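A.B. asks: Dropping a structure here in structure tokens format, bear with me for questions.
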Amino acid sequence: MSSTSGSATLWTILAVVAGSAVITAIAWYLRPETKTLVAWSVASVFGLGMVSFLVLKNLGANQRYQHMLDHGLQGTAEVLELSPTNVLINRRPQARMRLRVQLQGRPAYELERLDVLPVAGIGAGPGQTVKVYVNPDDPQDMMLDWS
């Protein structure tokens, strides 16, 4: 999905939500005794808005992932330190990591990041090497490949 079609999708969803809100307001004004119908309409508009937000957020994450695979600089990162934060996100642990990143033809550099560990990375520790894809314009922006 290109950014143009993503923008069109967003505007379509916003138009549907706004249209539903207008219809709900008109129904409330014309027939105040239909409060149950209006409550269901408001709940439906809210639900549609939340589902739309989640779908668009997921599409954006998938686009970023694919962009990093296609255009990112491939390299490796050695885990220098890994400490748990005692936070679980979707039943996966979040950890603070210090990494030494090595990209071909560039000097190695270190960085710290906070990341959610996938199942494949749960047993990770100092000394482990992970494949990375680094944004060529921002060496701090990277995607770790724990597979």
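A.B. asks: Give me the accessible area of residue 70, 1.4 Å probe, in Å² rounded to the nearest 10.
C.D. replies: Its heavy atoms expose roughly 100 Å² to the probe.
A.B. asks: Students sometimes get this wrong: rank 89, 13 by accessible area, probe 1.4 Å, all chains present, largest first. All intermediate terms of the calculation are to be shown ahead of the outcome.
C.D. replies: Numbers: 89 70, 13 40 Å².
These residues rank, largest area first, as 89, 13.
A.B. asks: Kindly state, to the nearest 0.05, the FRET efficiency for residue 63 paired with residue 31, given R0 = 41 Å and r defined as their beta-carbon distance. List each step's numbers first, then the result.
C.D. replies: On the way: r = 44 Å, r/R0 = 1.07.
Using R0 = 41 Å, I get an efficiency of 0.40.
A.B. asks: Full-extension gain between residue 43 and residue 141, please, as 0.36 nm times their residue separation minus the C-alpha to C-alpha distance. Walk me through the numbers on the way to the answer.
C.D. replies: Numbers: separation 98, 0.36 × 98 = 35.28 nm, distance 3.84 nm.
Working it through step by step, the gained length comes to 31.4 nm.
A.B. asks: Show 138, 145 ordered by accessible area, largest first, where the area counts protein heavy atoms only and the probe is 1.4 Å.
C.D. replies: On the way: 138 60, 145 40 Å².
Descending order: 138, 145.
The values are calculated or read from the model by the stated rules, or taken from the named source; none is laboratory data. Note that the structure is a prediction, hence the values are computed from the model and not measured. In this analysis, Cβ positions are derived from the backbone assuming ideal geometry, glycine residues included, and neighbour counts consider all displayed protein chains. Ligands, DNA and RNA are stripped out before the accessible areas are found, and what is left, the full protein with its side chains, is counted by its heavy atoms. Shrake-Rupley method; radii C 1.70, N 1.55, O 1.52, S 1.80 Å.
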